[in-house]
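What follows is a short report on a single structure.
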Amino acid sequence: MEINSSTTQLTELLSSNKKLLDGIILDFLPTKSSSPEIQSLYEMMRDYPSRGGKGIRGTLCLLWCELFSGAKQKALITASSLELFQNWILIHDDIEDQSDLRRGLPSLHKKYGVELSINAGDALHGKMWELLLSNCGNLGSELTLAILSEFARMLNETTEGQQIELAWTSGNDWDIREEDYALMVTKKSAWYTCISPSRLGIILSTAGHKDENLATKKHSELLKTAVEFGRSFGIAFQIIDDVLNLTADESKYGKEILGDLFEGKRTLMLIHLLNSLEGKRKTNVIESISKPRQSKTTSEMKIVFELMKSSGSIDYARKVAVNHSRQAMKLFEETVSTQSSIHPRIYHQTKSLLEYLSSRDF
């Protein structure tokens, strides 16, 4: 009963925050132009932000700010910008991965074509920086610059991770170790899902502090620690996301089931499967998943999926995710225990959301 209550409260928190942050984004994005071509661009820019989503990254930012006695109101623009970051980068990601679905609807490039969708992603990217700059009036230039620097770091890490994954695919590289996967996931997913949202919340909690130098010293170690536990939480999050891509209900998951196999993604399950196979069986699997997407069939991908199940690859991935989550949660608890002014309600909400990252079913 307690678990159900906690889950309901977390769902309500995410839904409430997502509605608030989406409202900020959609109010900020342009709506009308006398030029029909630009009007079309505006509609495309608003497409992904209008599709909903969970709001995990924005909510993490808000919670980490409040966790250390910061004001939620001062974090709203930054949290909204995190959600905007995800939207524009997913437009590009869907094109690069040739994904068919996003949040239960056709991907933007499936609706409007690749060229126009790339431009819409670029436009949202520019709007993200513009929204962040609006922090100046509320937070001052020094804190705004720190936030901009964190976003720049997050973008650099994310694109480096994307480069690793795309290079594997374009080079048809299957000689990949688990530590290679962990590095890719840390950069591509953990930084913008867990690490930077946590760090941004910590940075924002210093806003309005009477002794900002003291606040900076107090939070410098927290910022370093956030990289450590954020990495483990982020890896766990991505592994579970990869598992759900194969096992979830498509109506709940909102993406194409088996899509990672059609896209040739190097997931932990696939790495484990290939390590468990030898000879012709391994060659057959590699040949099957190396085909261009348009040449793959659902029956072929289901065969690979069944091999993953029979080889224990999916169970193995879940165990790795749990181990990363436990390590991260231990560090989170140790970190929080050293702080003197933690709000109990915010602590439990943050803990609940962090636990959800590696235990969700959609």
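Restricting to region 317-336, give me the number of residues that are surrounded by fewer than 14 Cβ atoms within 10 Å (Cβ to Cβ) and small (Gly, Ala, Ser).
Summing the residues that are surrounded by fewer than 14 Cβ atoms within 10 Å (Cβ to Cβ) and small (Gly, Ala, Ser) in region 317-336 gives 0.
Could you please find all residues in region 143-175 being farther than 30 Å from residue 132 by Cβ and surrounded by 19 or more Cβ atoms within 10 Å (Cβ to Cβ)?
The one that is farther than 30 Å from residue 132 by Cβ and surrounded by 19 or more Cβ atoms within 10 Å (Cβ to Cβ): 168.
Kindly indicate whether residue 42 is more than 30 Å from residue 338 (Cα to Cα), surrounded by 15 or more Cβ atoms within 10 Å (Cβ to Cβ), more than 22 Å from the chain's Cα centre (by Cα) and not hydrophobic (A, V, I, L, M, F, W, C).
Here the answer is yes, as residue 42 does meet what is asked.
Collect the residues in region 94-128 that are crowded, with 17+ Cβ neighbours inside 10 Å, part of a helix (DSSP H, G or I) and in contact with a strand residue (DSSP E or B) (Cβ under 9 Å, 6 or more places away or on another chain), keeping them in residue-number order.
94, 108, 110
Kindly check whether there is at least one residue in region 258-270 that is at pLDDT 95 or above and touching a Ser or Thr at 6+ places or on another chain (Cβ under 7 Å).
Yes: region 258-270 contains one or more residues that are at pLDDT 95 or above and touching a Ser or Thr at 6+ places or on another chain (Cβ under 7 Å).
Looking at 25, 77 in this structure, which one is crowded, with 17+ Cβ neighbours inside 10 Å, touching a Lys or Arg at 6+ places or on another chain (Cβ under 9 Å) and either within 27 Å of residue 11 (Cα to Cα) or not acidic (Asp, Glu) (or both)? Let's see the steps before the verdict.
Details: 77 fails: touching a Lys or Arg at 6+ places or on another chain (Cβ under 9 Å).
Going through 25, 77 in turn, just one is crowded, with 17+ Cβ neighbours inside 10 Å, touching a Lys or Arg at 6+ places or on another chain (Cβ under 9 Å) and either within 27 Å of residue 11 (Cα to Cα) or not acidic (Asp, Glu) (or both): 25.
Just give me the residues in region 131-182 being of a type in the set (S, T, N, Q) and within 24 Å of residue 194 (Cα to Cα), in sequence order.
Matches in region 131-182: 134, 135, 144, 149, 156, 158, 159, 162, 163.
Which residues, counting only those in region 159-188, are part of a helix (DSSP H, G or I) and touching a Ser or Thr at 6+ places or on another chain (Cβ under 8 Å)?
Selection gives 161, 181, 187, 188.
Are any of the residues in region 154-165 in contact with a Phe, Trp or Tyr (Cβ under 8 Å, 6 or more places away or on another chain) and of a type in the set (Val, Ile, Thr)?
yes
Which residue out of 83, 43 is at pLDDT 95 or above, among the acidic types (Asp, Glu) and within 20 Å of residue 146 (Cβ to Cβ)?
83
If I ask for residues that are within 18 Å of residue 190 (Cβ to Cβ) and without any contact (Cβ under 8 Å) to a residue 60 or more places away in the chain, which ones from region 57-103 would you list?
Within region 57-103, just 90 meets the criteria.
Under 19 Å from the mean Cα position of the chain (by Cα), closer than 27 Å to residue 108 by Cα and in a helix (DSSP H, G or I), is that true of residue 58? Give the derivation first.
Numbers: under 19 Å from the mean Cα position of the chain (by Cα): yes; closer than 27 Å to residue 108 by Cα: yes; in a helix (DSSP H, G or I): yes.
Yes: the conditions hold for residue 58.
Just checking, does region 243-264 include any residue being under 30 Å from residue 65 (Cβ atoms) and aliphatic (A, V, I, L, M)?
Scanning region 243-264 turns up at least one residue that is under 30 Å from residue 65 (Cβ atoms) and aliphatic (A, V, I, L, M).
Quick check on region 271-290. Is at least one of its residues in a helix (DSSP H, G or I), out of contact with any Cys (no Cβ under 7 Å at 6 or more places or on another chain), surrounded by 23 or more Cβ atoms within 10 Å (Cβ to Cβ) and touching a residue at least 40 places away in the same chain (Cβ under 8 Å)?
yes
Do the conditions hold for residue 307, that is, is it closer than 23 Å to residue 161 by Cβ and either surrounded by 15 or more Cβ atoms within 10 Å (Cβ to Cβ) or out of contact with any Lys or Arg (no Cβ under 7 Å at 6 or more places or on another chain) (or both)?
no
The values are calculated or read from the model by the stated rules, or taken from the named source; none is laboratory data. Remember, it's a predicted structure, so these values are computed and weren't measured experimentally. Methodologically, a virtual Cβ is constructed for each residue, glycine included, from the backbone with ideal geometry; neighbour enumeration extends over all protein chains shown.
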